[in-house]
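I'd like to ask some things about the structure below.
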Amino acid sequence: MSKLYWYRTIVFLCVFCAVQAIDLSAQTFKRLHSFDAIDGANPLPGLIQATDGNFYGTTSLGGDTTCNNGIGCGTVFKITPEGTLTKLHVFELSDGQSPNGLIQLTDGNFYATTTTGGPLGAGTVFQITPTGKLTTLLGFTANDGENPNGLIQATDGNLYGTTVGGGISAPGCLDYEGNHFCGTVFKITPAGLTTLHRFDATDGANPMAGLIQATDGNLYGTTNGGGISASGCFDSENQQTCGSVFKITSAGKLTTLHRFDATDGGNPVAGLIEANDGNLYGTTLSGGTYGSGTVFKITPGGVLTVLHNFGYYAGGAIPNGAFPNGLIQATDGNFYGTTNAGGAYDYGTVFRITPTGKLTTLLSFDATDGANPNGLIQAPDGNFYGTTANGGGSNDGTVFRLSAGLGPFVETQSTSGKVGATVVILGSNLKDVTSVTFNGTSARFKVVSSTEITTTVPSDATTGKVKVKMSSGTLSSNVAFRVTPTISGFSPPSGPVGTSIVISGESFTGATSVTFGGVNARFTVDSYNQITADVPVGAKTGKIGVTTPGGTATSAGTFTVIM
């Protein structure tokens, strides 16, 4: 087993504090499953709910006790909302070890990475069907990155991710048997893998979480190390670097938005989320006022605000928890997350925090119901589901459900798409459906099951909530669906500054900018399908871009500026 694997495990499971019981408000909690090593152990990633209504996840260890010196190489599992677990695949090192979290694509299959193992020993990308047939798609090498984190699918249809190691070797990065590799960002297309960026410690190092794609089309993430060296951050070979927040384009242009300095947090191990207000939110594992991590907000431009500091003592206890994992934004507008330690019994907590930073501890784990929880998801039934890395009957981790009194909703499997795109809507008890609308525009639909509806984005649809009307009431989507614009053409194809250009396409309502070769132009939205824009001073020959609340469209053809 690699030194890196043990480092990641220690980072996720670190427990440093001795606490005594505190009084917490009761919540409706149920332990759905307790792992026993044979069916998996230590589920570090979170869960996803698939189109069939069941949850799917992975365990980092367990499964086959002949693998990995008897502790197993991990599993993929399915679990029903009531807790019936089915082991779908057991890893055997040759096909990977320690899998990360899954994503489900429109083909119905799941895709993910393994941290190590595989044909080249540095991790894999794999596909697995809902029935458990696994196919290894590629293996990583030290040059293109090793020990990958989770994947996302961007609006261009490609997969993107990060690797903890590989790439450039530099002081301040994790030690791989004497080589301090800093990690990478990569893209996977049908043609194969492309390394978009290799970290060099100055711009961050060793990302330990995947990416998100924000509404501006860019990708955002965090690095666990690199950046500023400061006391209070984790030590890597006497380099106490604190990590960073970064932005990267699909073409690989990276911008470091913030370098942590311990006072505002350090060493994030979780990714970011984009909230309803357009800002990004995340957590750090160390740093802050008490050294046990923070919750922060950061604007797309890089202005960071600390919302909460974990680890304060009260009567010898740590009621607000310590060492937080990632966040989600729930349907009530608040953020929810977990801490690895602290709480009444020092086995971690579930917490709620408002956008202004008011934190409430909802649950303290007591080891029997789980210990050292990972991240949460909110399912369409309104409840939260998650896993713990340890605890339960065999101390191999658990799957749990927590109700915080939030109502049901529907979830679109993709949160953006152009007119005509197929969209899968997930829910619970989807019966007697009479209509589906996109921000008020009716769409054609088919009820596939009580948990799934398929529909297409209708013409004239605009960015906003998707609503499903049933005889029992109406359910709204948890986030707005972004109807992305498209440019089908423009006329004339060339002209000098000041020429009026008619741009044709779809979903132009609410357009906020039009550019010629990256230069902003004056424009008028004539209709849903047409914009008239004037070639601006300073325009360069290049693509025409149109940005709306749903995203940005770029012309296929090039507009020629006549000098």
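Read-outs throughout are calculated quantities, based only on the coordinates presented, and are distinct from any laboratory measurement. As the structure is a prediction and not an experimental result, all values here were calculated from the model. When we count neighbours, we look across all protein chains shown, and the Cβ atoms used for this are built from the backbone with ideal geometry, even at glycine.
Farthest toward the dipole's positive end in the chain, which of 508, 182, 399, given Cβ charges of +1 (Lys, Arg) and -1 (Asp, Glu) about the Cα centre?
Toward the positive end, the furthest listed residue is 508.
Just the projected area, averaged over all directions, of the convex hull on the alpha carbon atoms of the chain: how many nm²?
25.2 nm²
In whole Å, largest first, what are the principal axis extents of the Cα atoms in the range 317-387?
Each principal axis gives a Cα extent; for the range 317-387 these are 29, 26, 16 Å.
Another question about this same structure. Mean residue ellipticity at 222 nm from the helices of the chain, using -39,500 (n - 2.57) per DSSP H segment of n ≥ 4 over the full residue count, to the nearest 500 deg cm²/dmol?
-500 deg cm²/dmol
Sticking with this one: Jot down the radius of gyration and Dmax of the range 88-130, Cα atoms only, both in angstrom.
Radius of gyration, then largest Cα-Cα span, for the range 88-130: 10.2, 29 Å.
Looking at the calculated P(r) for the range 373-432, what percent of the C-alpha pair distances fall above 18 Å?
53 percent
If only Cα atoms are counted, what is the Rg of the range 485-561, and what is its Dmax, in Å?
10.7, 30
Working from Cα positions, state the angle (0 to 90°, nearest 10) between the long axis of helix 3-13 and the longest principal axis of the chain.
Tilt relative to the chain: about 80 degrees.
Fully extended, how many nm does the chain gain between residue 135 and residue 290 (0.36 nm per residue separation, minus their Cα-Cα distance)?
Full-extension gain reported as 51.3 nm.
Relative to the compact-globule scaling 2.2 N^0.38 Å, provide the ratio for the alpha-carbon radius of gyration of the range 395-490.
1.24
Just tell me which lysines come within less than 16 Å, Cα to Cα, of residue 465; anything on the same chain fewer than 8 places away is out.
Straight-line reach from residue 465, under 16 Å: 418.
Rounded to the nearest 20 debye, what is the charge dipole size of the chain about its Cα centre when +1 sits on each Lys and Arg Cβ and -1 on each Asp and Glu Cβ?
Dipole of the chain, to the nearest 20 debye: 1180 debye.
Run the dipole for the range 411-482 about the Cα centre, Lys and Arg Cβ at +1, Asp and Glu Cβ at -1, nothing else charged, and hand back the magnitude in debye, nearest 20.
The dipole magnitude comes to about 100 debye.
Evaluate the relative contact order of the range 398-454 (contact order divided by residue number), counting alpha-carbon pairs under 8 angstrom at least 6 apart; express in whole percent.
Relative contact order of the range 398-454: 29 percent.
Distance cut-off 18 Å, Cα to Cα: go down the list 78/133; 431/467; 187/297; 187/253 and report the pairs above it.
Violating the 18 Å Cα-Cα cut-off are 187/297.
What fraction of the DSSP beta bridges in the chain is antiparallel, stated in percent and rounded to the nearest 5?
95 percent
Would you kindly derive the ³J(HN,Hα) couplings of the range 445-450 from the backbone phi angles with the Karplus curve 6.51 cos²θ - 1.76 cosθ + 1.60 (θ = phi - 60°), listing them in order in whole Hz, with x for Gly and Pro?
Result, rounded to whole Hz: 8, 9, 7, 7, 7, 6.
³J(HN,Hα) across the range 387-393 via Karplus (A = 6.51, B = -1.76, C = 1.60, θ = phi - 60°), whole Hz, x for Gly/Pro?
10, 10, 6, 9, x, x, x
Let me ask you something else. Measure out, as a whole number of angstrom, how far apart the alpha-carbon centroids of the range 280-332 and the range 105-126 sit.
What the calculation gives is 31 Å, centre to centre.
For the range 46-141, run through the trypsin sites (Lys or Arg not before Pro) and keep only the ones in DSSP coil with at most 16 other Cβ atoms within 10 Å of their Cβ.
Passing sites in the range 46-141 are 133.
Under a no-solvent Debye model with one identical scatterer per Cα of the range 196-297, what's log10 I(q)/I(0) at q = 0.10, 0.11, 0.15 Å⁻¹?
With one equal scatterer per Cα and no solvent, log10 I(q)/I(0) is -0.24, -0.29, -0.53.
Whole-Å semi-axes of the range 428-563's equivalent ellipsoid, largest first, each the root of 5 times a Cα gyration tensor eigenvalue?
Equivalent ellipsoid of the range 428-563: 39, 11, 11 Å, largest first.
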